[in-house]
1. Over the range 11-54, with the other protein chains present, what is the accessible area per residue in square angstrom, probe 1.4 angstrom?
2. Can you compute the helix-only [θ] at 222 nm over the chain? Use -39500 (n - 2.57) per DSSP H run of at least 4 residues, normalise by all residues, nearest 500 deg cm²/dmol.
3. Could you work out the Rg to Rh ratio of the range 25-74, with Rh taken as the Kirkwood radius (inverse of the mean 1/r over all Cα pairs)?
4. Once the Cβ-Cβ distance between Thr70 and Phe48 is put in as r, and R0 is 35 Å, what FRET efficiency do you end up with, to the nearest 0.05?
5. Rg/Rh for the range 1-102: what does it come to with C-alpha atoms and Rh from Kirkwood?
6. If you line up the long axis of helix 95-104 against the longest principal axis of the chain, both from Cα atoms, how many degrees apart are they, to the nearest 10?
7. Return the carbon/sulfur percentage of the accessible area of the chain, one whole number, probe 1.4 Å, all protein chains in place.
8. Could you give the angle, 0 to 90 degrees to the nearest 10, between helix 54-67's Cα long axis and the longest principal axis of the Cα atoms of the chain?
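The values are calculated or read from the model by the stated rules, or taken from the named source; none is laboratory data. This one's a predicted model, so the numbers in the text were calculated from it and none came from an experiment. Here Cβ is always computed from backbone atoms with ideal geometry, including for glycine, and neighbour counts include all displayed protein chains. The protein model used for the area step is the full one, side chains on, heavy atoms only, and it has no ligands, DNA or RNA in it. Shrake-Rupley method; radii C 1.70, N 1.55, O 1.52, S 1.80 Å.
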Amino acid sequence: MNFKQYDDGKEGRFFVILDNGMEAGWIQYKRLDNGNLLANGTRVYEEFKDQKLGIPLFNRLVEFAEERKTKIYPLCPFVVKTFARHPELKHLLADDYLQEQVRVT
């Protein structure tokens with residue numbers, strides 16, 4: 001499995017590419033004015049759903065944020081759930097997202 005990235009400086013996507021060269025899904029982000037990444041969508045194509053490719057896509061987004069020393073504002077439900085399952089990654093959540101969560105609970 002490999003990843004391909006599209007990034008135009010404002011928004012981007014990571015695509016997961018299987019060993020046979022087929023694209024199986026993507027995770028997308030938008031760059032916010034404060035430098036954070038808004039994770040606003042994840043999709044694994046129907047024929048690949050049983051391969052659990054969402055987690056490798058999520059992990060690639062996390063690596064990207066870490067490489068750039070930026071944080072992630074999760075909007076995509078999958079990304080929100082995955083962060084909730086991995087409290088050790090809380091340091092990557094955008095401060096404004098964390099503040100919003102405190103107000104809601």
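1. Accessible surface, normalised per residue, equals 55 Å².
2. That comes out to -9500 deg cm²/dmol.
3. Working: Rg = 11.8 Å, Rh = 11.4 Å.
The Rg/Rh ratio comes out at 1.03.
4. Approximately 0.75, to the nearest 0.05.
5. Working: Rg = 13.4 Å, Rh = 13.8 Å.
Rg/Rh: 0.97.
6. 70 degrees
7. Carbon-and-sulfur percentage of accessible area, whole number: 50.
8. 60 degrees
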